[in-house]
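Here is the structure we will look at, set down as structure tokens.
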Amino acid sequence: METTVSDGKKEYGLRLTGMTCATCEKVISRVAEQSGACVKDVDSRNGTLKLVCDEKSLDPIKRKLAERGFKERREGELADSGRGDPDRVKDYIFSLLAGEPHVEVEAKLTNYAVASSAILIGLGIFSYGSLFKGFGSSSTTTALLLLVIASAVMTVFSYLHMSCYRKSVSCMHGMMIGMTIGMMGGFMTGALTGATNGMFIGSVVGMAFGIALGLGVGRFSGVMGAMEGVMAGLMSGTMGAMLSVMMINDNLMIFLYILTGVCAVIFGGLSYMMYREAGSAPNPEYSGDFKKFFAASALLSAMLLAIMMYGPKGPIPLR
Amino acid sequence: MDKTLKVEKMHCRSCEMLLTDVISEIDGVTKVSADFRKGTVTISYDQPAALELSKKAVEKEGYTVIG
């Protein structure tokens, strides 16, 4: 697209690949302006650049942009041509394992999660005979204990990670955050308490946890995220309990393993999504320290186990 | 003289390009390379003032120099 402006200069609209963030916009603007163009608009979301320059300058600008990875886009090609590339996910995971600075918060929280899980499992083993009774066989009791700890640790990880993006996310991202954490938190707590305490307690507890978590993180982007979180918590809390009760005689424990595993993948996906969409966590101070992580995980685990064991109907012995 | 700065908040290739661009425009800077994975910017310079100016330029772009 081109429009004549004045002095032989024209306004051109370019559609570029490779634009992913505000820094890409800065780099592109600098390249164009250093070549004598006047940048009217650069938008990484749409992958577009509007600039005013003479015709002779346009090709050198395009060439310089291409050298930096911002090539002119063909019809139908995505602005961020790397989207959907599995290598990006692999790259992110390796960066996380290596503890690279751009994923420092994620690496720190992963270490906290591993350490907290180990301590909580240790405490569980220590108090196994005295505290955890009535869940059925010892293998079922052990499995439920591990599932509760895993659920609590994953939820705390995700909550603290998303806290680092507070006030710097769009409504759309905020809705995604509220929905994911509200839904996964509600689903897991609803399913675990529903399995050991029946439909009513499971639904109420699942809803309460899901709504609290969804509201807690959804509010970071305002009322839209908060509403989305609350609704997701409401829906998943009841659904988790309902599914557990329906499967009570049909491989419920296997379902709980699968559910927890899928939730772990989704929580991981949420962290990756935010990193990809909003960059490195902009407010790392909200991720807290190990004490905070461990205390929150222990409290959540203890609350869940207490409800599962001492709830009005619990615990229902599972097979 | 060479100096490697530890820089926070770099997260992609564009961050590397931006910092390389702004620092290389400073008088006295002879070579720059940035690595967002390591969170470092390595500067070669022949005027002592270039280092401080480079740090200021990095901060001006919204990054934090921590060492």
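The values are calculated or read from the model by the stated rules, or taken from the named source; none is laboratory data. These numbers were taken from a predicted model, which means no experiment stands behind them. Cβ: placed from backbone, ideal geometry, glycine included. Neighbour counts: every protein chain shown.
Listed residues B:7, B:32, B:41; which is hydrophobic (A, V, I, L, M, F, W, C) and in contact with a Ser or Thr (Cβ under 6 Å, 6 or more places away or on another chain)?
On the way: B:7 fails: in contact with a Ser or Thr (Cβ under 6 Å, 6 or more places away or on another chain); B:41 fails: in contact with a Ser or Thr (Cβ under 6 Å, 6 or more places away or on another chain).
Selected residue: B:32, the only one of B:7, B:32, B:41 that is hydrophobic (A, V, I, L, M, F, W, C) and in contact with a Ser or Thr (Cβ under 6 Å, 6 or more places away or on another chain).
Any residue that is part of a helix (DSSP H, G or I), touching a Lys or Arg at 6+ places or on another chain (Cβ under 6 Å) and of a type outside the set (Asp, Glu) - is there at least one of those in the stretch A:214-227?
Yes.
Looking at (1) in a strand (DSSP E or B); (2) more than 9 Å from the chain's Cα centre (by Cα); (3) surrounded by 19 or more Cβ atoms within 10 Å (Cβ to Cβ), which one does residue B:41 not meet, given that it meets all the others?
(2)
Among the candidates A:144, A:123, which residue alone is modelled with pLDDT under 95, buried (at least 20 other Cβ atoms within 10 Å of the Cβ) and in a helix (DSSP H, G or I)?
Answer to the selection: A:144.
Any residue at all in the stretch A:43-53 that is under 27 Å from residue A:168 (Cβ atoms), assigned to a helix (DSSP H, G or I) and of a type in the set (Ser, Thr, Tyr)?
Scanning the stretch A:43-53 turns up no residue that is under 27 Å from residue A:168 (Cβ atoms), assigned to a helix (DSSP H, G or I) and of a type in the set (Ser, Thr, Tyr).
Cβ contacts < 6 Å: first residue assigned to a helix (DSSP H, G or I), restricted to the stretch A:16-36; second residue polar (S, T, N, Q) and surrounded by 19 or more Cβ atoms within 10 Å (Cβ to Cβ), any location; separation 6+ or different chain. Result?
A:23/B:14; A:24/A:44; A:24/B:14; A:25/A:44; A:27/B:14
Please verify whether residue A:172 is out of contact with any helix residue (DSSP H, G or I) (no Cβ under 7 Å at 6 or more places or on another chain) and either among the β-branched types (Val, Ile, Thr) or in a helix (DSSP H, G or I) (or both), treating the condition exactly as stated.
Yes: the conditions hold for residue A:172.
Could you please let me know if residue A:293 is closer than 30 Å to residue B:11 by Cβ, surrounded by 17 or more Cβ atoms within 10 Å (Cβ to Cβ), over 16 Å from the mean Cα position of the chain (by Cα) and away from every other protein chain (no Cβ under 14 Å)?
For residue A:293, the condition - closer than 30 Å to residue B:11 by Cβ, surrounded by 17 or more Cβ atoms within 10 Å (Cβ to Cβ), over 16 Å from the mean Cα position of the chain (by Cα) and away from every other protein chain (no Cβ under 14 Å) - is met.
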